[in-house]
Structure formats: structure tokens, C-alpha cells
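The values are calculated or read from the model by the stated rules, or taken from the named source; none is laboratory data. Computed from a predicted model, the values in this text were never measured in an experiment. Here the Cβ is made from the backbone with ideal geometry for all residues, glycine too, and neighbour counts use every protein chain on show.
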């Protein structure tokens, strides 16, 4: 018997990387919202977190720096929003190449690291509301 998929919010700068990551996370995780800009995240994540569906985590890709993360988190923790895991990449493990499109292998690597971290959190690896790195 398989587990019910957990809903997440995925923040990625491009569909070219985001779609393979979303595909790789299935069937254990479903993306309730895919965000491509900080402004979209600030506007759309809080209503999702105030909705009836339980969101497990917000995953930000390597295109979101500390300032972007802080802006999204501030909006998403204001008011009556659910507590979720905040998952960001450990950029010391590699990131997209500057100035150009990432190689095809990049999306697969990010997807595997993301899924491994979400699986760890699902097994009780941290407290909701924590920031963790993959």
C-alpha cells in the first residue's frame, strides 16, 4: 500500500529545471504550486498556506538567494499560515552554472537531492518551520 502523496510548494526559476524535478518527486510528493519569481511567491504562497490542503514543505531552488528566501518566508509566515518545512539547496554541493542554461544533468541531480531530503523530513528529520538544506 503506497503512502498518500504530500503536497509541496516548489520555487524554481525555470520550467526547464522545475518540470523534471516535479516529475521525479512523484508519486510521493505532489506540487500544489510552482513559483518562478519572488513576487509570485509573495503573492501566491500565503493563500495556499491558509487553505484547507496541508502543505508539507516549501522547496526553493538555487536561483533564490538569501534575500529572495527571506522575502518569501516573511510573506508566508505572516497571518494564519500553516507551519511548513523550508528546504533550500546547499550551494556548496553545486549549483547552476552562472550566465547560461544548466546542463541536462543538473535537473536530475537537484531532483534526487530534493527527494532525498523530503524523504528524510517525512521520516522525522526535523521540526516543521525549520530551514533545512539539501
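Here's a check for you: in segment 48-69, which residue that is part of a helix (DSSP H, G or I) and either surrounded by 12 or more Cβ atoms within 10 Å (Cβ to Cβ) or touching a residue at least 12 places away in the same chain (Cβ under 8 Å) (or both) is nearest to the chain's Cα centre (by Cα)? By that ranking, first place goes to 69.
Scanning segment 21-47 for residues that are in a loop (DSSP other than H, G, I, E, B) and more than 21 Å from residue 133 (Cα to Cα) yields a single hit, 27.
Residues that are at pLDDT 85 or above, on the phi < 0 side of the Ramachandran plot, touching a helix residue (DSSP H, G or I) at 6+ places or on another chain (Cβ under 8 Å) and in a loop (DSSP other than H, G, I, E, B) do occur in segment 85-93.
One residue stands out in segment 11-28 among those that are crowded, with 18+ Cβ neighbours inside 10 Å and in contact with a helix residue (DSSP H, G or I) (Cβ under 6 Å, 6 or more places away or on another chain): the one that is farthest from residue 102 (Cα to Cα), namely 25.
Listed conditions (1) in a loop (DSSP other than H, G, I, E, B); (2) out of contact with any strand residue (DSSP E or B) (no Cβ under 9 Å at 6 or more places or on another chain) are all met by residue 17, apart from (1). Of all residues in segment 23-41, those satisfying the criterion of being touching a strand residue (DSSP E or B) at 6+ places or on another chain (Cβ under 6 Å) and under 13 Å from residue 7 (Cα atoms) are 29, 30, 31, 32, 33, 34. Out of everything in segment 70-81 that is crowded, with 17+ Cβ neighbours inside 10 Å and more than 14 Å from the chain's Cα centre (by Cα), what residue ends up being nearest to residue 107 (Cα to Cα)? Result: 75.
Picking from residues in segment 1-10 that are closer than 19 Å to residue 82 by Cβ and surrounded by fewer than 17 Cβ atoms within 10 Å (Cβ to Cβ), the one that is modelled with the lowest pLDDT is 4. Among the residues of segment 120-134, none is identified as loosely packed, with under 13 Cβ neighbours inside 10 Å and assigned to a helix (DSSP H, G or I).
If you go through segment 83-118 and pick out every residue that is surrounded by 18 or more Cβ atoms within 10 Å (Cβ to Cβ), in contact (Cβ under 8 Å) with a residue 40 or more places away in the chain and touching a strand residue (DSSP E or B) at 6+ places or on another chain (Cβ under 7 Å), you end up with 8. For residue 72, the stated conditions hold: it is more than 16 Å from residue 24 (Cβ to Cβ) and in a helix (DSSP H, G or I).
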